[in-house]
Amino acid sequence: MNLAYKKYDLKLKRPFTISRCTRMVSPVMIVELESEGITGYGEAAPSARYAESVETVEEFLRGAEIKECATESELQEMMRELDGRSPGNNAAKAAIDIAMHDWIGKRNRTPLWKMWGLNGAKIPLSSFTIGIDSEEIIGQKILEADDFPVLKIKLGSEDDRRIIDKIRSVTDKPIRVDANEGWKTPEKALEEIKWLETKNVELVEQPLPASSLNEMRWLRERVNIPLVADESLSRHSDLRGIVGAFDGINIKLMKSAGLSEAKRMITSARAQGLKVMIGCMIESSVGISAASQLLPLADYADLDGNILISNDPFSGAKCVAGRISLSDKFGIGAEKRSDDDE
Ligand code: MG
């Protein structure tokens, strides 16, 4: 199996601000696994929040032993070996897992969602993310998101109520709120969520810092909006702490180390009565197309990473009016744009 990888700077269409940072560019690593003339594509979108960068991804890939996997169970076995050899590096591992899934799907001439026997007509609505910004820019972004029936709003700054009031002066669309750990105490989170309960908010993601699981249990007993874990959970082993503290989980391939574990997490979350969101980082159409294969299994989709960038090196999952359609293209269904398009 030939492994190649290349760093790529994804450019944001607009500066993107959440409670902890602002970004204009988001570096990712595009991975290719080739054998028998078939190339599988993968992507690592590393996040400093999880102690990863393109440099750590490169280091991981340089030392990784990639075996050719003819089946998904062989791939799961290899992923277990990679876990055993080095902890963390979940985005780097995701790149391998996605590329190998793509390769297996292409070799079997089947899209992954069909290989898994999923119903491609059963796809939840995806939201469009609006970062923290001035009222003027937020107004412009809402116009840009006209096509999307659901908005995701980043909160967790001093301007939270001003931002929501601004949005509500323009649109009645349901909104999902993501505080990105920004409300530092349970009392503050309670006060904000109680206020949001009157504003047609569908769910609140990660109100408190990731490790505040006891405080989350306290909060959950006092609010009526479903609470969804993002930063509090990366891998399957984190699920145990989530039960009772949240109503749902946001699974991202870059946290779960890829599709193999994401699928296992969905099954276990369902068994525990947790709702499932499939989310993303700022990613190209490689990562987004891979994650979309799981959408028939999800309650919520939040896969707009490739819509927020202006220089996507791939085409793939298409989102129309907030609905991502699964294609009949083999594997993850992502294709390299020709150099002319770049
Ligand atoms: Mg989030």
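The table for this structure:
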| item | result |
| --- | --- |
| Accessible solvent surface per residue of the chain, calculated while the other protein chains remain in place, 1.4 angstrom probe, Å² | 41 Å² |
| Most mobile listed residue (Ile38, Ile167, Ile30) in the chain, GNM with C-alpha springs under 10 Å | Ile38 |
| Among Asp172, Asp133, Asp302: highest mean-square fluctuation, GNM of the chain, C-alpha pairs under 10 Å | Asp172 |
| Net dipole in debye of the chain [+1 Lys, Arg Cβ; -1 Asp, Glu Cβ; about Cα centre; nearest 20] | 700 debye |
| Those trypsin sites (Lys or Arg not before Pro) in region 1-38 that DSSP places in a loop and that have at most 15 other beta carbons within 10 Å | Arg20 |
| Restricting region 98-177 to GluC sites (Glu not before Pro) in coil, as DSSP defines it, with at most 14 other Cβ within 10 Å | Glu158 |
| For the chain, radius of gyration divided by Kirkwood radius, i.e. Rg to Rh on alpha-carbons | 0.96 |
| Estimated inter-spin distance, Asn311 and Asn200, nm [label 7 Å along Cα→Cβ] | 3.8 nm |
| Under the Karplus curve 6.51 cos²θ - 1.76 cosθ + 1.60, θ = phi - 60°, whole-Hz ³J(HN,Hα) for region 27-36, x wherever Gly or Pro sits | x, 10, 10, 9, 10, 10, 10, 10, 7, 6 |
| Whole-number percent relative contact order across the chain, with pairs defined as alpha carbons under 8 Å at least 6 apart | 20 percent |
| Label-zone membership for region 121-146, site Ser157, 7 angstrom Cα→C-beta point, backbone N under 11 Å | 131-138 |
| Length released on extending from Glu34 to Arg220, taking residue separation times 0.36 nm less the Cα-Cα span | 62.2 nm |
| Most mobile listed residue (Met265, Met78, Met254) in the chain, GNM with C-alpha springs under 10 Å | Met78 |
| Loop GluC sites (Glu not before Pro), region 18-59 (other Cβ atoms within 10 Å of the site Cβ: 11 or fewer; DSSP) | Glu36 |
| Alpha-carbon centroids, region 3-55 and region 100-142: separation in whole Å | 16 Å |
| CD proxy at 222 nm, helix term only [per DSSP H run n ≥ 4: -39500 (n - 2.57); per residue of the chain; nearest 500] | -9500 deg cm²/dmol |
| Karplus (6.51, -1.76, 1.60) ³J(HN,Hα), θ = phi - 60°, over region 275-288, in Hz, Gly and Pro reported as x | 6, 10, 10, 9, x, 7, 9, 6, 9, 7, 5, 5, x, 5 |
| Percentage, to the nearest whole number, of Cα pairs in region 72-217 over 18 Å apart | 68 percent |
| Label point distance in nm, Ser86-Ser338, each placed 7 Å from Cα along Cα→Cβ | 3.7 nm |
| DSSP bridge orientation in the chain - percent antiparallel, rounded to nearest 5 | 50 percent |
| In range of the label at Ser73: residues from region 88-116 whose backbone nitrogen is under 17 Å from the point 7 Å along Cα→Cβ | 116 |
| Stretch gain in nm, segment Lys329-Asp9, where the contour uses 0.36 nm per residue and the Cα spacing is subtracted | 112.6 nm |
| For Arg162, net neighbour charge (Lys/Arg +1, Asp/Glu -1) across residues whose Cβ lies under 14 Å away | -3 |
| Unit charges on C-beta of K, R, D, E only; dipole of region 194-272, Debye | 220 debye |
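The values are calculated or read from the model by the stated rules, or taken from the named source; none is laboratory data. Remember, predicted model here, so these are calculated numbers, not experimental data. Neighbour counts run over all protein chains shown; Cβ positions are idealised from the backbone, glycine included. Note: areas computed on protein heavy atoms with side chains; ligands, DNA, RNA excluded. Shrake-Rupley method; radii C 1.70, N 1.55, O 1.52, S 1.80 Å.
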